[in-house]
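All of the numbers you see were taken from the coordinates with simple rules; none came from a lab. No experiment lies behind these values; they were computed from the predicted model shown. Glycine also receives a Cβ, built like all others from the backbone with ideal geometry; neighbour counts cover every protein chain displayed.
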Amino acid sequence: MSNLEEAELQLSELDLLSSMFPNEDEFKVIDQLALAELKDHVDRDTLEVPSSKIQFMLNLELETPDGKMVPLALSCAFPLKYPAVLPEITIRSPSINRSQQAQLNTDLISYLKKHCAGEVCILSAREWVKDHAAAYMTKDSSPSTVQKSSVQKSENIFTRLWIYSHHIYNKQKRKNILDWSKELSLSGFSMPGKPGIICVEGPQSMCEEFWARIRRLSWHRILIRHREDISLEGTEAEMEKQKKFLAFEEKIFDAHGARGNHMDLGQLYHFLLDSGCADMFQLYFGVEGQ
């Protein structure tokens, strides 16, 4: 990946964060000069790389185990080679002591290394923190206690992956998506065209196998836009209850454009709405669906 491609991905992710979290209380770029330098590098297509890395804050509120709402901040920075390398993220909260904070940061990096290496991943990091940070806030939490309580067998975790691709045109790739989802007994859907969208859901191990196969193919750009992991007791009936989709299918929404490669996003939104996943439209496109 070239320096310019990395800069474009950084800028694209910042634009998405800005559209999703328009209030400075939620998202704020610390160094506006660094942001201006990054934009100039992309707009002018210069060979000179930015001299400063982008730094920003993501703030959210979490509910503690005793029911209180407490602030939590993600202090983030993009290394110049991001997303080829992981972002720098430090999590801080007045409800997390120093040892718990160190363990939380370590576990987050381990998660990103395993699931998001080489991809834009700030939203994935935020979702992981939102889902897991409360477990580190208990008074008797120690690194070993948290680690034991947070690690579960993958077969007891129901996973849903929302995958974004710059485009999906190739007939063989479309066939692979359908064949592999069937082979791995996953439900969900794929939308070919530009952009391309894939959603798979099922046992965590099967979803990760699907992602491992997909990402090995040749893509202009592909990444996990959002990930959902739900802990279960492991019964098949519980797995079925979590499903948003009955099976896996390719969805075509009134293809149009010169090459017939653009889908009607309004129809996509209503399909997601009917499936109980309407919030994913804004996560993909940065605007509310209609």
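Between V287 and E236, the distance separating the two model label sites (each 7 Å from Cα on the Cα→Cβ line) works out to 4.5 nm. For the peptides 68-81, 157-170, the ranking by mean Cβ contacts within 10 Å, running from highest to lowest, is 157-170, 68-81. Among the GluC sites (Glu not before Pro) within segment 172-254, those in coil by DSSP and having at most 10 neighbouring Cβ atoms inside 10 Å are E233. Normalised radius of gyration (Cα atoms, divided by 2.2 N^0.38 Å) for segment 3-150: 1.12. At each listed q (0.10, 0.18, 0.19 Å⁻¹), what is the log10 of I(q)/I(0) that the Debye formula gives for segment 156-285 modelled as equal alpha-carbon point scatterers? Treating every Cα as an identical point scatterer, log10 I(q)/I(0) equals -0.30, -0.98, -1.09. Extending 7 Å from the Cα toward the beta-carbon at both N170 and L4 defines two label points whose distance is 2.4 nm. Measuring r between the beta carbons of D43 and E127 and using R0 = 35 Å, the FRET efficiency lands at 0.70.
Checking the Cα-Cα distances for K171/K243; K53/K113; K39/K243; K39/K171; K81/K175; K53/K130 against a 29 Å cut-off, the pairs over it are K39/K243; K39/K171; K81/K175. Remark: spin-label model distance K114-D264 equals 4.2 nm, labels positioned 7 Å along the Cα→Cβ axis. Phi-derived couplings, Karplus 6.51 cos²θ - 1.76 cosθ + 1.60 at θ = phi - 60°, listed residue by residue for segment 80-95: 4, 8, 4, x, 4, 10, 5, x, 9, 10, 10, 9, 9, 7, x, 9 Hz, with x used for Gly and Pro.
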